[in-house]
Amino acid sequence: MTTARAAAIVLGKELRLEFRTRELLTATVIFALVVVVLFSFAFDPTAAESRRYGPGLLWIAFLFAGSLMLNPSFAREQNNETLDALRMAPISSFAILLGKILANLIFMSLAELVLVPVFAVLYNLSLAGIVWRLILVLVLGTLGLTVTGTVFSAVSAHARMRELLLPLLLLPLLTPLLIAAVESTAGLFAEQPALDRTWLAFLAGFDIVFLTASWLLCDHLLEE
Amino acid sequence: MKARLAITALVALLIFCAGYAALFIAPDEATMHAIQRIFYFHVASWNAMFCAFFVAFYASVAYLVTGKRKWDALGVSGVEVGVICCTIGLITGPLWARPVWGIWWTWDAKLTSTFILWLLFIAYLLLRGLVEDPEKKASLSAIFAIFASLDIPLVYLANRLWRTQHPQPVIAGGQGSGLDPVMSKVLLLCLFAIFCVMILVLVDRYRLELLRNEAAELKFEIESRGLDAAEGATTPALQKGGL
């Protein structure tokens, strides 16, 4: 079986599992909304200030939500000891990891699909004319978040206090991604919307570096 | 044992000489005066930190390739010593910055990158503390160390593109850079002295980790033998009782 086919099967299993209950998605969206609302209480931004701080807030909300949402990705397998069954299947370990990364990418993107319009309404930001460029930034940023997050979810699954450990491992690592994503989103929300190619290339570079590292290290990551 | 004592004494002498040279031999800096002297140890601790983290990165890759426990021991030693050097750098930096820049801290590229570096390797140590199984602990922390090391150039690049306030490199930093010849000799001495201290501590920490591993293995063996002995003692008794 090719890696792509195996990854697609793992992806299908992850999606089926999630859409039976949709609990992870609901919790993620609500959590990110709570962060967005709390921010408006803490800083009470004017229209000009929301334009300035909005992109940062949006990405902070995504990163916090992601660091919580990605935790069950492997912890769930650990609880039911189903990871052993997955490993016994005649597929490469990268296929398992890739399937999970893609599933988490879809979950995060769905959450963002709900959150971004709500955010735009709450902070009076216009999405008209920048939708496609914003989607490009969101996809590149979210891919970086889910690749590293899924790998670290497999790491923290073996530890005590894993819910607390995952953000501790993940958030410092994501600072370059945060800077690049915020800067490129801020460019889009500015008076004259413009997409900064340097930051976009940086985001793509981040994704490539960590996707390659995950591919090289996945055998060690999932071994028993 | 004697050789180690001799080496430790030698390094102690070296660090004393470096301290003396930095405080009394190096010429006074034109604008910053005495405050500038912290630079000899600040730069030297960064240098030692990068070497220690490089050792940790190399050992982590070597552990994943070979699977030998000694590389894991070297990896954790490198990270611990690196974190100590990093902490020294993060303390001496603000001490210098307060009188010179007028602020303790600024979110500049180098400062921010180092702070993130420190946080990442503290997270590494936390991770090791929270995983029970020794094999898992070794492989997972090696994976994390590799990810963290890959992240460092990205953190630096991102911050560099963003903003920077730290003094530009004074050595080989382009036009107008360069040190007084006496200063550069003192700096070299300090770099070497701190580097030797780092290596000394690293080697001792590595030995300690190996001893800890050995102790844990022996303890495990005693426990399993103890269980065997207990089973051996109870089984015949049961058989007798059965007969």
Any idea which of B:His42, A:Ile30, B:Ala22 is furthest toward the positive side of the dipole for the protein assembly as shown, if Lys and Arg beta-carbons carry +1 and Asp and Glu beta-carbons -1? B:Ala22
Go through B:Thr114, A:Phe152, A:Pro167 and say which Cα lies farthest out towards the positive end of the charge dipole of the protein assembly as shown; charges sit on Cβ, +1 for Lys and Arg, -1 for Asp and Glu. B:Thr114
Where in the stretch B:73-94 is the amide nitrogen less than 16 Å from a point lying 7 Å along the Cα-to-Cβ axis of B:Thr66? B:73-78
Rounded to the nearest 20 debye, what is the charge dipole size of chain B about its Cα centre when +1 sits on each Lys and Arg Cβ and -1 on each Asp and Glu Cβ? 240
Tilt relative to chain A, helix A:47-69 - C-alpha long axis, 0 to 90 degrees, to 10: 10
Can you find, among B:Leu188, B:Thr31, A:Ile106, the residue sitting farthest towards the positive end of the charge dipole of the protein assembly as shown, where Lys and Arg contribute +1 and Asp and Glu -1 at Cβ? B:Leu188
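Give, rounded to the nearest 20 debye, the magnitude of the charge dipole that the stretch B:26-140 has about its Cα centre when Lys and Arg contribute +1 at Cβ and Asp and Glu contribute -1 at Cβ.
Details: 9 positive and 8 negative charges, 41 e Å.
For the stretch B:26-140, the charge dipole is close to 200 debye.
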Sorted from largest down, what three extents in whole angstroms do the Cα atoms of the protein assembly as shown have along their principal axes? 89, 74, 42
Write out the trypsin sites (Lys or Arg not before Pro) in the stretch A:1-54 meeting two conditions: DSSP loop, and at most 16 other Cβ atoms within 10 Å of their Cβ. A:Arg22
P(r) of the stretch A:3-221 in 10 Å steps, Cα pairs, percent per bin? 8, 34, 35, 17, 5, 0
Given labels modelled 7 Å from the Cα in the Cβ direction, how far is it in nm from A:Thr82 to A:Met1? 1.5
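Taking the Cα centre of the protein assembly as shown as origin, sum charge times position over the Cβ atoms of Lys and Arg (+1) and Asp and Glu (-1), and report the length of that vector in debye to the nearest 20.
The dipole magnitude comes to about 320 debye.
Coordinate-derived values only; no laboratory data. Computed from a predicted model, the values in this text were never measured in an experiment. With ideal geometry, Cβ positions are generated from the backbone for all residues, glycine too; neighbour counts draw on all protein chains shown.
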